[in-house]
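Colleague: Sharing a structure here in structure tokens format.
The values are calculated or read from the model by the stated rules, or taken from the named source; none is laboratory data. Because the structure is predicted, anything quoted here is derived from the model rather than measured. FYI the Cβ positions are ideal-geometry reconstructions off the backbone, even for glycines, and counts take in every protein chain you see. Only protein heavy atoms, including side chains, enter the accessible area calculation; ligands, DNA and RNA are left aside. Shrake-Rupley method; radii C 1.70, N 1.55, O 1.52, S 1.80 Å.
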Amino acid sequence: MPLRLDVKRKLSVRSDRVKCVDIHPNEPWILVTLFNGHAHIYNYDTQQLIKTFEVCDVPVRAGKFVVRKNWAITASDDMFIRVYNYNTLERLHQFEAHNDYIRSVAIHPTQSYILTSSDDMTIKLWDWDAKWALKQTFEGHIHYVMQIAFNPKDNNTFASASLDRTVKVWQLGSTAPNFTLEGHEKGVNCVDYYSGSDKPYLVSGGDDRLVKIWDYQNKTCVQTLEGHAQNVGCVAFHPELPIILSGSEDGTVKLWHSNTYRLESTLNYGLERCWAISCLKGSNNVALGYDEGSMMIKLGREEPAMSMDASTGKIVWAKHCEIQQVNLKQLSSDQQLKDGEKVPLTVKELGSCEIYPQTLSHSPNGRFVVVCGDGEYILYTAITLRNKSYGNAMEFVWSQDSSEYAVRDGNMVKIFKNFKEKKTFKPEAGAEGIFGGSLLGVRSYSGLTFYDWETTSLIRRIEIMPKSINWSQNGELVCIATEESYYVLRYRPEAVTNAISNKDLITEDGIEDAFDALSEIPETIKTGIWVGDCFIYTNSLNRINYYVGGEIVTISHLDRVMYLLGYVSNENRLYLGDKEMSIVSFELSLSVLEYQTAVMRKDFETADRVLPTVPKEQRTRVAHFLEKQGYRQQALSVTLDHEHKFDLALQLGNLQVCYELATELENEQKWLQLSDVATKQGDFKLVQECLTRAQSFGSLILLASASSDKQLMATIGDKSRKSGQFNIAFLSNFVLGKLDECLNILIENQRLPEAAFFARTYLPSQINHVVGLWREKLKQMNMERAAQALANPTDYENLFPGLIDTYKTEEFLKQQNKIQSARTYQTISPNWEKNPIEEMKEAEENGQFSYIPVQLNRGIADNDNDDDDNFDDATETPIQSIAKPTTTDSSVLNKLVSSVTPDRSRSHSPMNHTNTSSIKPTQTTSISREASTTSKASSVISTTATAGSGRRTSMSDLEKELQEFDIDIDTDDVSNTENGPSVFKETSKNSPNENEDLQFDDDDVDEFLKET
């Protein structure tokens, strides 16, 4: 029977003629040297060209990686050896090695030596540690030396192939060859050693189109392989598979079985002549070099033939044709195993196998071991490896019963019972693969079909292309893995029994209720086993996970590809192996798996009994599993993680547990989460405490306003102000009507423009103070002109109509600010329907409100010229008014005052001085509102008196301005009084509206001063 070998193409690139290929052992790279003088490095995983070396202008016939030095060494027809660092692409060294074309390079596996062979008929040994000194020259061939190769079992010997029709074997240190192998009829182009320890063989290929296998101990030709139509240019023993590869100028690569020497396959990719073959130990990859490009192929499967009997702790594997065994019970009880570290085990040789094992597996009870390969199977006893049965088979699978198994021979499926053939059948859609377990699974081109072991009757047909199928020990659960995902199904034998008695339940696809789909997981499974109801597996990302009840738990991350062997329950350890037959283990608590299995089966009595045995460090993992299954209350009692416990208590609405954990954790987010749940349950006392601890003042304002809690609102204002949350502090004080506090907050935060407008709106009596601060701030910022441009309402009342009314209204609202009872709500007009100024006027006319002027906060006076000047409040004796002046007179006086002193912070309003009489009728108090100056002259005198009081305060600015117009203060005061009526009379003619405040520019002032 032929060897079952799947060939997958991993890389295909077109290029100039390829003369040599080499595979990097650690990176997914191949080195390709070309006839055009270049060398390329390709990444066969990404299909990309990643590095290029422009070596020379003549063919580069050889190239090798030196991984321990990060080198790539090339040999070319210019007779030079060149050394490059393949990371930096730097050329480190070059030297002329031969007198003719260099054909081949071989790297010593351990020492700092390289061998080169040439058309000058010599082989030379070079030492890079000795500055590339020539250590030895080997002479003996009488024609071109085409290839050389080190013996992997004896690194001091090597073989050479020459066009003189011979293969010679040499010893380092000896100038003469050990012996010569003759048999080819024409020149020999290539040679390679067999790396296995069971045969002392080497292979050669020549221009006689033959491939010969030699026994170098007996110095005889063991086998000659015929089949190529042209010269054989390259040969290789595959280091992992029982395969001999040969490439020829006929464009084909042939695969020969290294044991039977049967031709297994012929590969032809249409790239013309094949010149190079490279294999890598530990890998199934093969690199090929052709006239028109390079190829990378993968042969067979890389999963090693390994099997473990968990009940006895014995692991059996096949290394080539040798069967070896290790026993985990050899480990002493006090020997501590660490996760991911290699388990120190002694290997026992069980013997050789007559076939090349591709798969190896124990029977369910561990008594037998079956080896399958080369189209045959052999059944051995597990202890002594005694042959029990054999036959032809492409595949072999066990039933749940160890006495029953099935084999696939082509499209035929044979079932055996007690080593005797019981039944043979051919599936309708053919058989491409079979799977064992509780049911016999057959994969065909149409999908997966399950059959009953006893009757071979159809159970269920599923349209899926499985890669592997794993059944749980009790046969209830099954995992079907495909290339991209895996499915977990529950098998229902009772539905099958009902369908057998009622044929109407059986369709052409079998029994529909035979399986229940539980989960579909988008992960690619490499290997997997069931432990109870937990499915443990390795995936394509090199992780060990396990699935239980829909939850995926990661056990560990692996640094390389590993394959699951089994789980030893009494040690709580999971064992895995790699391609090198190294065994590693990881801890996995059985009690956790038992607990999860009991929960999945809803056997809570067993779960409660197992729970005390679960390690504390695993409790939280178990709690997450319980939560996933919907058992939050049980998860709350199991978990030891405070974060997880808090989340569970929140979901369950257990406020007491949440409060205790939040107090312990003291986390703002936890208090906010708890406040949300407490709000839903109506526990507003707890809500208030949670929000207070979380300092969530915004939410607290909502709570305080909704519950009309004045004390809470005041507390929010104080605490938020201390914590720097001034927006909240402002809002809370504003809601409480603490306007002074609001203004102070704005000033404290240097939000002076906002403070000025706030005062203008709500606290007119503070305008003077705030504007003064604003001006000072602008001056500190070197914005003098902006500061001068600010108009203070108390200085320029004519620019702010109704300012006095706002003063009165402010006082009126303070007197009206009384707490109303809730019963009056419907009788009170809402604020948006009120007009406070009109209400004040109405109250004033009705005698319900009497305005008494108060000392305004003068704030910070401007000191444009002299910061050291001291300003005192004017103490002016009020002049009694005899007659009511006209509006025009008052406007002219305002014009005079505002024009002469344009930038004064002191106020000319009687509101600012309790002892100062008014000039404007609108600025009089409620007591002297109807009284005014006796005449225009007395008004001027009053104005002068007011100016005089200002003069006591500071006259420097006024004096300067008046001196510009040649006005003497001492004399002009009197003249102004005498000439006042005529001035007022002239001015009144130009007033279009007596009730409108007048504004004057500099020209008006000049005209007025001229007339004066």
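Colleague: Take the alpha-carbon centre of segment 640-658, take the same for segment 227-255, and report the distance between them in whole Å.
Modeller: With segment 640-658 and segment 227-255 each reduced to a Cα centre, they are spaced 69 Å.
Colleague: Also: Leaving out ligands and nucleic acids, and using a 1.4 Å probe, what accessible area per residue does segment 738-815 come to in Å²?
Modeller: Heavy-atom SASA per residue in segment 738-815 reads 47 Å².
Colleague: Next question, about the same structure. What is the Cα centroid distance between segment 756-823 and segment 349-368, reported in whole angstrom?
Modeller: 100
Colleague: Could I ask something else about it? What's the FRET efficiency of Ile500 with Glu292 using the Cβ-Cβ distance as r and R₀ = 51 Å, to the nearest 0.05?
Modeller: 0.25
Colleague: Lys/Arg Cβ at +1, Asp/Glu Cβ at -1, dipole of segment 6-52 taken about the Cα centre: which of Asn43, Val18, Val32 is farthest positive-ward?
Modeller: Result: Val18.
Colleague: Now for a different question. May I ask you to give the solvent-accessible area per residue for segment 129-250, in square angstrom, as obtained with a 1.4 angstrom probe?
Modeller: Value for segment 129-250: 39 Å² per residue.
Colleague: For Cys221 and Lys8 in one chain, what is 0.36 nm times their gap in residues minus the Cα-Cα distance, to one decimal in nm?
Modeller: 73.4 nm
Colleague: Given the options Pro466, Thr507, Met581, identify the residue whose Cα lies farthest towards the positive end of the charge dipole of segment 453-582 (+1 on Cβ of Lys, Arg; -1 on Cβ of Asp, Glu).
Modeller: It is Met581, whose Cα lies furthest towards the positive end.
Colleague: Can you work out the FRET efficiency for the pair Gln815 and Gln336, with r the C-beta to C-beta distance and R0 = 60 Å, to the nearest 0.05?
Modeller: The pair Gln815/Gln336 has a calculated efficiency of 0.10.
Colleague: With all protein chains present, how much of the accessible area of segment 129-250 (probe radius 1.4 Å) comes from carbon and sulfur, to the nearest whole percent?
Modeller: Taking all protein chains in place, segment 129-250 shows 39 percent carbon and sulfur surface.
Colleague: Sticking with the crude label model, points 7 Å out along Cα→Cβ, report the distance from Phe95 to Lys722 in nm, one decimal please.
Modeller: 8.3
Colleague: For segment 223-300, what relative contact order do you get, as a whole percent, if you take Cα pairs closer than 8 Å and at least 6 residues apart?
Modeller: Relative contact order comes out at 23 percent.
Colleague: Carbon and sulfur atoms: what percent of the 1.4 Å accessible area of segment 738-815 do they account for?
Modeller: On segment 738-815, the fraction of accessible area on carbon and sulfur atoms equals 54 percent.
Colleague: Something else: Using unit Cβ charges (K, R positive; D, E negative) and no other charged atoms, how large, in debye to the nearest 20, is the dipole of segment 179-275 about its Cα centre?
Modeller: It comes to approximately 100 debye.
Colleague: Still on this structure: Quick check on segment 530-619: take the gyration tensor over C-alpha atoms, sort the square-rooted eigenvalues as a ≥ b ≥ c, and tell me if it's rounded (a/c under 1.5), prolate or oblate.
Modeller: Prolate, since a/c reaches 1.5 and a/b exceeds b/c.
Colleague: Nearest 20 debye, what's the magnitude of the dipole of segment 738-815 about its Cα centre given +1 on Lys and Arg Cβ and -1 on Asp and Glu Cβ?
Modeller: 200
Colleague: Moving to a separate point now. By the gyration tensor of its Cα atoms, with a ≥ b ≥ c the square roots of the eigenvalues, what is the shape of segment 396-522: rounded for a/c under 1.5, prolate for a/b over b/c, or oblate?
Modeller: The shape class here is rounded.
Colleague: Once fully extended, how much extra length lies between Arg386 and Asn846, figured as 0.36 nm per residue of separation less the alpha-carbon to alpha-carbon distance?
Modeller: 153.1 nm
Colleague: With a point put 7 Å past each Cα toward its Cβ, work out how far Ser352 is from Tyr563 in nm, to one decimal.
Modeller: 2.3
Colleague: For segment 738-815, what class follows from the C-alpha gyration tensor (a ≥ b ≥ c being the square roots of its eigenvalues): rounded when a/c is under 1.5, otherwise prolate if a/b is larger than b/c, else oblate?
Modeller: Since a/c reaches 1.5 but b/c is at least a/b, the shape of segment 738-815 is classed as oblate.
Colleague: Provide the FRET efficiency to the nearest 0.05 for the Gln633-Glu432 pair, computing r from the beta carbons and using R0 = 56 Å.
Modeller: 0.65
Colleague: Roll a 1.4 angstrom probe over the protein heavy atoms and tell me the percent of accessible area of segment 459-580 that is carbon or sulfur.
Modeller: On segment 459-580, the fraction of accessible area on carbon and sulfur atoms equals 44 percent.
Colleague: Distance between Cα centroids, segment 589-630 to segment 522-538: provide it in whole Å.
Modeller: A separation of 19 Å, based on Cα centres.
Colleague: How high is the relative contact order of segment 700-806, given as a whole-number percent (alpha carbon pairs under 8 Å, six or more residues apart)?
Modeller: RCO, segment 700-806: 14 percent.
Colleague: Another question, if that's okay. Taking Lys503 as the anchor, which lysines have their alpha carbon closer than 29 Å to its alpha carbon, excluding any fewer than eight residues away along the same chain?
Modeller: Cross-link targets: Lys414, Lys417, Lys422, Lys423, Lys426.
Colleague: If you put +1 on each Lys and Arg Cβ and -1 on each Asp and Glu Cβ, how big is the dipole of segment 129-250 around its Cα centre, in Debye rounded to 20?
Modeller: Here the size comes out at about 340 debye.
Colleague: Follow-up question, since we're still on this one. Projected onto the charge dipole of segment 250-379 (+1 at Lys/Arg Cβ, -1 at Asp/Glu Cβ, origin at the Cα centre), which of Ser258, Asn365, Ser332 gives the Cα projection farthest towards the positive end?
Modeller: Going by the charge dipole, the pick is Ser332.
Colleague: Now for a separate question. Would you rank Glu139, Glu463, Glu302 by solvent-accessible area, highest first, keeping every protein chain in place and using a 1.4 Å probe?
Modeller: Glu463, Glu139, Glu302
Colleague: Ranked highest first by the average count of other Cβ atoms within 10 Å around their residues, in what order do 673-680, 796-803 fall?
Modeller: 673-680, 796-803
Colleague: Follow-up question, since we're still on this one. Starting from the Cα of Lys131, draw a straight line to each of the lysines and keep only those under 26 Å, dropping any in the same chain fewer than 8 residues away.
Modeller: Of all the lysines, those that pass the test against Lys131 - Cα under 26 Å, at least 8 places apart if same chain - are Lys64, Lys69.
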